[in-house]
């Protein structure tokens, strides 16, 4: 299967405007997207819009957990009910990851280190042991991503895992309907950044149609 329109490197560069590795990203996208039937303008535009929002134009491939104590209290009040409670975790990403992700999503308890090991990675931020395992089994038929979660920080791993998430949540159907709001809810669990996602989608469509 191939794209049903002319998908070219220059267009990707006009969409990922602050990315200095467009050539490499284009090669990976050109290979991987057709395997998941992300081949029409609306589907490609939606994929690029959502993923570029989540990853700052494909430049951030792992979750930033370098929070101050004050910010931890604001963002994660369930785990840090006061600033004082957050102080021991101030600017300590590994401790923070183990705290907020420990004991859920298939991760072991905080002391296991699973929370940080299986923090969000890739351009759609696969997070948690169970999601790494499901992604690995689907893509490769084995547990390699559980053993080597850092693979999702490579370009190939980032795009493959995003496409896995895309297919698993049937986002091609929503792209066909141009329903960016419903798509955002499936990706985000809410509507965080909806205006930016919609603006990115409209821009991507205009570039791909030019």
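No value in this document is a laboratory result; all are computed from the given coordinates. None of the values given here were measured: they were computed from a predicted structure. Cβ placement follows ideal geometry from the backbone for every residue including glycine, while neighbour counts extend to all protein chains displayed.
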Query raised in the report: Just 127, 59, 17 to compare: in a GNM of the chain, with alpha carbon springs under 10 Å, which one fluctuates most?
Result: 17
Requested in this report: Taking the Cβ of each residue in 25, 166 as the centre, tally the other Cβ atoms inside 10 Å and list the residues starting with the fewest.
Outcome: 25, 166
Query raised in the report: Counting other C-beta atoms within 10 Å, which of 129, 169 has the fewest, and how do the rest follow?
Result: 169, 129
Report summary line: Least to most buried among 196, 114, by other C-beta atoms within 10 Å and fewest first, runs 196, 114
Query - Residues of segment 37-54 with amide N under 17 Å of a point placed 7 Å along Cα→Cβ from residue 188 - result: 46-54
Requested in this report: Obtain the nm distance between the two label points defined at residue 156 and residue 40 by a simple spin-label model: each point lies 7 Å from its Cα along the Cα-to-C-beta direction.
Outcome: 3.1 nm
Report summary line: When the chain is treated as a Gaussian network with springs between alpha carbons less than 10 Å apart, the largest mean-square fluctuation among 62, 185, 53 is found at 185
Query raised in the report: Most mobile of 74, 32, 146 per a Gaussian network model of the chain (Cα springs, under 10 Å)?
Result: 74
Requested in this report: Grab the Cα-Cα distance for residue 8 and residue 199, subtract it from 0.36 nm times how many residues apart they are, and report the gain in nm with one decimal.
Outcome: 66.7 nm
